[in-house]
Each structure stands twice: as structure tokens, then as C-alpha cells.
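Notes for the one structure printed next.
Readers should treat all values here as calculations from the given coordinates under stated rules, not as data from a laboratory. Please read all numbers here as calculations on a predicted model, not as lab measurements. Please note: Cβ atoms are built from the backbone with ideal geometry, for glycine as well, and neighbour counts cover all protein chains shown.
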Amino acid sequence: MGEVGLGGEVRQVSSIQRRLVEAQRFGFTRAIVPAGSPDGPSGIELFRVGMLDEALRLLGGRRRAPAVVEARGGFVEADDR
């Protein structure tokens, strides 16, 4: 629960405590939050991350976010060149 910057950094959002309480009310028991976030309400486990690729690893996604490069006709992942 946060904002993702253009460089992949995960940033704080306003009223995160209130948002976590609301998420818990809807049945969520875990949340990914920015690294500097305060403790959440009891009963919800927080995973603190600084970068988007850390959050993706927690979710079982790619090991690292792909590098994107400009190629003729558009943008491609660096691995696809």
C-alpha cells in the first residue's frame, strides 16, 4: 500500500493507518507497505519494501523488475533485444 515512483521506489501515502484498518475490515491479513511505514493495527502483518522489485518478489513474481530500453519501433525489455 503505497505509491510507486518512476524509478521503482515505493513511497508513503497519506492516512496509511486508516487505510490499513479499512483493509483489515475487508478481510486482509497482510499488506506490502513502504519501508518507513509505522506499525499497523494488530492482526495485520506488514511487509516493508523500498523498491517495487522487492514487492514483486514477495508476491512470487520476477526476481528483478525488467530493464526497459528504447528500440526501433518502441520500448522492449532488455532481455528481449
How much net charge surrounds Gln24 when only other residues with a Cβ under 12 Å from its Cβ are counted (Lys, Arg +1; Asp, Glu -1)?
-> +2
May I ask for the net charge around Ser42, where only other residues with Cβ less than 14 Å from the Cβ of Ser42 are counted and Lys, Arg are +1 while Asp, Glu are -1?
-> 0
Net charge near Gly2: determine it from the other residues with C-beta under 11 Å of the C-beta of Gly2, scoring Lys and Arg +1 and Asp and Glu -1.
-> +1
Chymotrypsin sites (Phe, Trp or Tyr not before Pro), restricted to the range 9-49: which are DSSP loop and have at most 15 other Cβ atoms within 10 Å?
-> Phe26, Phe28
Quickly rank 7-15, 48-56, 33-41 as a protection proxy: mean count of other C-beta atoms within 10 Å, highest first.
-> 48-56, 33-41, 7-15
